[in-house]
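Down below is the structure, laid out as structure tokens.
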Amino acid sequence: QKGSDGKYTVTLIEGDGIGPEIAQSVKDIYSAANVPIKWEPVDVTPTLKDGKTVIPDEAIDSVTRNYVALKGPLATPVGKGHVSLNLTLRRTFNLFANVRPCKSIAGYKTPYDNVNTVLIRENTEGEYSGIEHVVVDGVVQSIKLITREASERVLRFAFQYAQDVGKPKVRVVHKATIMKMSDGLFLNLARDIAKEYPNVEFDAEMLDNTCLKMVTDPIPYNDKVLVMPNLYGDILSDLCAGLIGGLGLTPSGNIGDECSIFEAVHGSAPDIAGKGLANPTALLLSSIMMLQHMGLTQNASSIEQAIFKTLAEGKALTGDLGGKAKTHEYADAIISNLKA
Ligand code: ATP
Ligand code: MG
């Protein structure tokens with residue numbers, strides 16, 4: 001929403017680990033580019049409410065009010081009793097689709113040039129439903145929940161997305177030969193919804209086969225939007241990230257009915273946190289997806305061009321891309337390219 005000063009307020013969740021460092025780069029670049037955005041920083045450190053860990057109300061109110069948030073990585077504590085905050089956020093705002101594009105970066109050489117994949121991951125259920133219990137000692141059960149409602153919603157989004165961005169095909173990635181009922185439902189619903197989009201070609205592929213083909217030659221995937229249940233999307237999107245140069249480069253958007261939260265695919269990278277070594281590109285490109293979502297396409301493309309130019313020049317790359325630059329030096333190089 002645009003304020004009286006002509007600026008849009010956007011919630012900023014800086015996050016843990018490298019979060020504050022990469023968020024700083026985004027803030028610096030945005031002010032240099034005069035993007036009409038006012039950041040509203042919120043703390044999402046969980047608090048205790050009725051014996052349950054929850055996200056503070058102020059954070060929830062901020063996202064609800066602003067409709068759009070940019071989010072750094074939140075560390076998920078391993079083990080008992082902790083619910084992932086990332087999951088909580090997705091559930092709270094019903095962010096049902098996670099859009100993960102992977103595009104080759106000119107100047108950063110990987111075994112494949114011109115990769116341009118888009119993966120859409122169901123974001124609310126599946127293997128992430130969090131329903132696990134001990135049956136008897138030494139036997140545990142974990143439930144993969146697939147519902148018609150959530151599946152239809154993400155599938156319809158995938159077809160609509162393909163149409164909007166001009167990708168001619170939607171492919172469902174599944175394992176319905178083994179998960180006959182759960183993936184079977186997802187696949188059958190996809191076949192139904194495909195009929196609503198006669199201009200978009202539809203087919204399906206088994207996950208294992210997709211992995212094999214993707215690392216053999218990813219280019220045939222460029223004309224497709226891949227859509228799949230939650231866990232498959234988690235794994236396959238890291239595979240795609242590997243094709244273009246790693247987690248430092250891959251953005252994502254969590255899309256809901258009302259609110260959307262944009263974030264890098266990577267985690268909090270505790271091993272390099274606080275050292276100024278992190279690559280802010282993934283969060284930056286997530287923010288570009290956010291600008292496009294908000295209709296600020298002019299700002300989006302000028303910053304995007306400055307990022308790609310800086311990467312192509314290769315003079316101020318961070319360590320993950322084989323360079324020696326600090327996070328802020330890379331951000332400064334982008335800022336000079338903005339002005340150039
Ligand atoms: P988390 O538990 O929060 O997911 P993690 O230990 O799994 O943290 P990730 O952030 O998922 O770590 O990243 C895996 C590895 O990739 C890290 O060890 C880190 O070195 C590298 N990495 C991730 N993101 C970046 C980045 N933005 N810049 C540079 N290196 C990164
Ligand atoms: Mg991780």
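The values are calculated or read from the model by the stated rules, or taken from the named source; none is laboratory data. Remember, it's a predicted structure, so these values are computed and weren't measured experimentally. Using ideal geometry, Cβ is built from the backbone for each residue, glycine included, and neighbour counts are taken over all protein chains shown. We work out accessible area using only protein heavy atoms, side chains counted, and drop any ligands, DNA or RNA first. Shrake-Rupley method; radii C 1.70, N 1.55, O 1.52, S 1.80 Å.
With the chain treated as a Gaussian network of Cα nodes joined by springs under 10 Å, which of D50, D271, D61 yields the largest mean-square fluctuation? Looking only at D50, D271, D61, the biggest GNM fluctuation is shown by D50. DSSP bridge analysis restricted to the chain gives an antiparallel fraction near 50%, rounded to the nearest 5. Solvent-accessible area of E152, all protein chains in place: 50 Å² (probe radius 1.4 Å, heavy atoms, ligands and nucleic acids excluded).
Normalised by 2.2 N^0.38 Å, where N counts its residues, the alpha-carbon radius of gyration of the range 209-340 equals 1.12. Pairs of Cα atoms under 8 Å, at least six residues apart: use those to get the relative contact order of the range 122-224, whole percent. Once divided by the residue count of the range 122-224, the mean separation gives 26 percent. Counting only heavy atoms of the protein chains and using a 1.4 Å probe, I178 has close to 120 Å² of accessible surface. Dipole magnitude for the chain: computed about the Cα centre from +1 point charges on Lys and Arg Cβ and -1 point charges on Asp and Glu Cβ, it is near 480 debye.
Which whole-number value in Å² is the accessible area per residue of the range 1-155, probe 1.4 Å?
Per-residue value: 51 Å².
Taking the Cα centre of each part, how many Å lie between the range 190-214 and the range 110-180? Answer, in whole Å: 12. Ordering L12, A69, L239 by Cα displacement along the dipole of the chain toward the positive end leaves L239 in first place; charges were set at the Cβ atoms of Lys, Arg (+1) and Asp, Glu (-1). Entry note: the range 61-216 has Rg to Rh equal to 1.00, where both radii use alpha-carbon atoms and Rh is the Kirkwood radius. For the chain, the spread of Cα coordinates along the three principal axes comes to 56, 51, 43 Å, biggest extent given first.
For the residue pairs K103/K169; K2/K38; K38/K71; K71/K167, alpha carbon separations beyond 19 Å are given by K71/K167.
Accessible surface ranking for R171, R121, R148, 1.4 angstrom probe, highest first: R148, R171, R121.
Oblate is the label for the range 222-277. Its Cα gyration tensor axes, ordered a ≥ b ≥ c, give a/c of at least 1.5 and b/c at or above a/b. For the chain, C211, C259 have no disulfide-compatible partner, since no other Cys C-beta lies under 4.7 Å from theirs.
Potential lengthening of the chain between T45 and V83 amounts to 12.4 nm, from the contour at 0.36 nm per residue minus the alpha-carbon distance.
Computed over protein heavy atoms with a 1.4 angstrom probe, the accessible surface ordering of V200, V165, V134, largest first, is V134, V165, V200. Along the charge dipole of the range 62-206, Cβ charges K/R +1 and D/E -1, which of T124, L85, I105 sits furthest on the positive end? Sorting the options by dipole projection puts first I105. Counting only protein heavy atoms and using a 1.4 Å probe, what share of the accessible area of the range 14-172 belongs to carbon plus sulfur, as a whole percent? Answer for the range 14-172 is 53 percent, counting heavy atoms of protein chains only. Basic side chains Lys and Arg get +1 at the Cβ, acidic Asp and Glu get -1 at the Cβ, and with that the dipole of the range 137-212 about its Cα centre reaches some 100 debye. Compactness of the range 1-128, taken as the C-alpha radius of gyration over 2.2 N^0.38 Å, stands at 1.24.
Using a probe of 1.4 angstrom and keeping all protein chains present, the accessible surface of the range 238-277 works out to 34 square angstrom per residue.
The portion of the accessible surface of the range 214-336 made up by carbon and sulfur, rounded to a whole percent, is 55 (1.4 Å probe; DNA, RNA and ligands excluded). With semi-axes defined as the square roots of five times the eigenvalues of the C-alpha gyration tensor, the equivalent ellipsoid of the range 1-49 measures 23, 17, 4 Å, largest first.
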